[in-house]
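So the structure is just underneath, and the comments pick up after that.
The values are calculated or read from the model by the stated rules, or taken from the named source; none is laboratory data. All values reported here derive from a predicted model rather than from experimental measurement. Cβ atoms come from the backbone with ideal geometry, glycine included; neighbour counts cover every protein chain shown.
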Amino acid sequence: LRFSREFVPMFARRWRSLAPGAFEGWRQGHESLRKWVLDDVTPMERNRILDPKPDMRQIRLTYQRACELLPEFQRVAISHAWAGYVDSTPDGIPAIGEVEGIPGFLLAAGFSGHGFGIGPGAGHMIADIITGSEPIVDPRPYRPERLKTAAWGKVAEF
């Protein structure tokens with residue numbers, strides 16, 4: 001909620017494809033509005049695994065649509081279902097690079113649902129950054145500090 005102003009434009013463009021889950025993250029403390037000291041135990045350390053339950057209604061609907069598109073799928077049953085969270089940034093572009101003000105802390109997050117597709121290239125780029133090699137892609141557009149600039153009209157406080 002704290003950053004809703006930054007995220008509403010992205011959600012407005014994608015609302016038809018969103019299927020928001022329940023509030024597991026809030027219940028576990030991950031979405032807390034309070035700040036914590038880096039030396040304290042964080043909500044993420046208290047609960048290391050977020051394991052949401054799959055939305056079987058959505059899975060059945062997706063399976064039905066897949067069978068309509070490719071009838072061969074009717075011969076295959078769903079054997080397993082998995083659910084997860086999508087970490088997003090306001091611009092839908094991941095934050096990859098060293099976090100300003102925390103030397104040695106490299107971040108690769110906020111893939112906004114594109115992690116499976118761009119994960120290998122992002123992993124290669126972050127490995128290049130870590131090892132001091134020339135990155136395969138210019139990392140500047142992905143720098144985390146871009147998220148606290150006035151790109152969406154104000155400076156965000158983290």
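Overview of values
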read-out	value
Close pairs (8 angstrom Cβ cut-off, 6 or more residues apart or separate chains): farther than 14 Å from P135 by Cβ in the range 105-122, at pLDDT 90 or above and of a type in the set (S, T, Y) anywhere	none
The range 55-71, residues that are loosely packed, with under 10 Cβ neighbours inside 10 Å and within 13 Å of A83 (Cα to Cα)	R57
Sole exception among (1) within 21 Å of L50 (Cβ to Cβ); (2) at pLDDT 90 or above; (3) assigned to a helix (DSSP H, G or I) for L107, by number	(3)
Answer from G101, G117 - the residue that is exposed (fewer than 11 other Cβ atoms within 10 Å of the Cβ), part of a helix (DSSP H, G or I) and modelled with pLDDT under 95	G117
Condition met for P52 (farther than 23 Å from F11 by Cα and loosely packed, with under 14 Cβ neighbours inside 10 Å)	no
Test: V137 is surrounded by 11 or more Cβ atoms within 10 Å (Cβ to Cβ), over 19 Å from R14 (Cα atoms), touching a Leu at 6+ places or on another chain (Cβ under 6 Å) and not charged (D, E, K, R)	no
Residue list for the range 74-94, filter: under 15 Å from E6 (Cβ atoms) and either more than 11 Å from the chain's Cα centre (by Cα) or surrounded by fewer than 13 Cβ atoms within 10 Å (Cβ to Cβ) (or both)	D91
Pairs with Cβ under 7 Å, 6+ apart, first in the range 76-90 and of a type in the set (V, I, T), second not in a loop (DSSP other than H, G, I, E, B)	I78/I59; I78/Y63; T89/A95; T89/L147
Count of residues meeting criterion [touching a strand residue (DSSP E or B) at 6+ places or on another chain (Cβ under 9 Å) and in a loop (DSSP other than H, G, I, E, B)] in the range 120-144	2
